[in-house]
């Protein structure tokens, strides 16, 4: 049995292992970083460390979430290459902490969840609602772009 | 029954033990590599013995039995080397180096370690066996230590600081306290007439604080030489594994860098050296056929250049194969967009490897990309130079001051940006001739300057701002350019926070910085900005 934190984005409930959650913050103004995908909302200052904040619903193809009274940033630790990365996940509200056994996480259906399959560890029933259990490392990996100047289509920096 | 509370801090003791153990083991590694060069040098063996003995003693102080026993075995072997009953051959050196790794792993775990693991015990056993006084002298083939060329290495958590430097820091802290005391007094009991004195004292505090800040940052600087020399082990092991002969030449020129930078560069250099030996250097027979010495040379050089640290990693091997790179680039769908000088940069793309065989050491194409990301995370750049048949060299440039820069703050839309003050030439009123658009050309003081409207460059919405200002910057390499911003917010010291490898390379942005308000501002990279805007194929608006 392990504990999972669940939160809601755009009406869908998601769950991640609580071992990956560092803290939960109130939403704060984010500094946008240019030339990053829409779903990277930007960066915030967390006690002297600069941390990226992502919008998962935008990453899954939806709209950018509006900021509401209950919007939070869940600070999560993910594995990026050989390092730990700390990333903030924006959510509309934090729902619950629930215990889940491994067997309770069932294989996610191939479609219908609105979330690409590779980002999910599975689905599970948390109380009455179906939560999508996220694979933290996969879902929070950055957009794969070649890091070398000139080797990918140059970002049109000047839309003049 | 009274409980005896320990009257010392066990955590602190273990911390000191770990740091000293690491230092001893590093010294021993260097000693072993030196011993390989001069196997009969009694002084080198004696020093190794002393280190092993000290390590054993330290281990007993913290009741680390497993380490004590392992260190003792090592000591005995070293004793036999001293006696001359055993001779240090390649096999022996490899075994001793592997044992150093074992000692390191054991020391890292602390006194709670109950026993050696199977592979560790095996290594120690093999060392024992090798260390038995032998007749006749064994002609064993070298057993390369293949299990991970990079040994378990704890990142350095402490540095040595000269006491004189600490004394000066303490003095400054005291002087600042006195000055602030004066300010407090004036504030509470002073009158309007004391304003001048307050301003003067504030200025003094500023100067004192700047000096203190510099001293604190300098305290973090450590020589990069020792880390370079430790790479000799990597070179040795990769060479053994690949069946090549290589030696490492180090020229550190006394260059010092921030202690964190040393740690981050360690892996970068290891990757690059592995590549150099595995791919760059030819086999001894091929080298001799080409009238080169059979032993290839891999060189690391550190130097200063203005405000940057320059590190060069070079080899005298076969050079990069232009044809193969072009071919591979084409396969990956990259070639069409590459200008000549960019072709070499293709090797930094993940999955790019022209190696026919994926070897244990390299060839998966991942190493160089990791190196590039690490360098970019340090706000550095890397350049490649190669000559077929003669060799290849990589030049890494890193900015010297990582932590704090003097910044010029500007506002564009709702965001704040920081420009490195050293690159700012002047601020000016918007010239009459300034047009709309993201880029263009304008005339200021009879000088024709290209301009960039940061609002457009960084993708902010909304049209042209009501009021604008111009900052002329000198990007270092290349001509000046004018940045059009909304508002000028003055100078300030900016604490630099790298955006991190997760973001990769963001065009025009060097790093982030935290403002006095607590919000994050992006630090503009003038040279990168200039480079991106002047890439071939980009039409001037």
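Derivation of every value follows stated rules applied to the coordinates shown; laboratory data play no part. Here the structure is a predicted model, which is why all the values come from computation and not from measurement. All Cβ positions, glycine included, derive from the backbone under ideal geometry; neighbour counts span all protein chains shown.
Structure notes:
- Principal-axis tilt of helix B:225-242 within chain B, Cα atoms, nearest 10 degrees: 60 degrees
- Over the C-alpha trace of the stretch B:33-77, radius of gyration and Dmax come out as 11.9, 36 angstrom.
- Under the simplified labelling scheme, the residue B:290-residue A:137 pair shows an inter-label distance of 3.9 nm, with each label point 7 Å from Cα along Cα→Cβ.
- Antiparallel DSSP beta bridges within chain B, as percent of all bridges there, nearest 5: 85 percent
- Note on residue B:19 and residue A:80: with the Förster distance fixed at 22 Å, the Cβ-Cβ geometry gives a FRET efficiency of about 0.15.
- Relative to the current alpha-carbon distance between residue B:461 and residue B:113, full extension at 0.36 nm per residue lengthens the span by 119.3 nm.
- Computed over chain A, the percent of Cα pairs more than 30 Å apart is 17.
- With the simple model of a label 7 Å out from the Cα in the direction of the Cβ, residue B:165 to residue B:327 spans 5.2 nm.
- Approximate spin-label separation residue B:206-residue B:185, in nm, with each point projected 7 Å along Cα-to-Cβ: 2.3 nm
- Taking all Cα pairs closer than 8 Å and separated by 6 or more residues, the relative contact order of chain A comes to 25 percent.
- Sum of -39500 (n - 2.57) over DSSP H runs of 4+, divided by residues of chain B (222 nm, nearest 500): -14000 deg cm²/dmol
- Centroid-to-centroid separation of the stretch B:177-253 and the stretch B:49-121 [C-alpha atoms, Å]: 37 Å
- Whole-number percent relative contact order across the stretch B:166-265, with pairs defined as alpha carbons under 8 Å at least 6 apart: 28 percent
- Antiparallel DSSP beta bridges within the stretch B:172-330, percent to nearest 5: 65 percent
- For the protein assembly as shown, the Stokes-Einstein estimate of translational diffusion at 4 °C and a viscosity of 1.567 mPa s comes to 44 µm²/s, using the Kirkwood hydrodynamic radius over alpha-carbon pairs.
- The sum of -39500 (n - 2.57) across all DSSP H runs of n ≥ 4, divided by the residue count of chain A, sets its helix-only mean residue ellipticity at 222 nm to -500 deg cm²/dmol.
- Calculated FRET efficiency for the pair residue A:96/residue B:267, C-beta based, R₀ 41 Å, to 0.05: 0.50
- Size-normalised alpha-carbon gyration radius of chain B, reference 2.2 N^0.38 Å: 1.20
- For the stretch B:410-541, diffusion coefficient by Stokes-Einstein and Kirkwood Rh (Cα), 20 °C, 1.002 mPa s, µm²/s: 141 µm²/s
- Note on residue B:303 and residue A:49: with the Förster distance fixed at 22 Å, the Cβ-Cβ geometry gives a FRET efficiency of about 0.10.
- Whole-number percent relative contact order across chain B, with pairs defined as alpha carbons under 8 Å at least 6 apart: 8 percent
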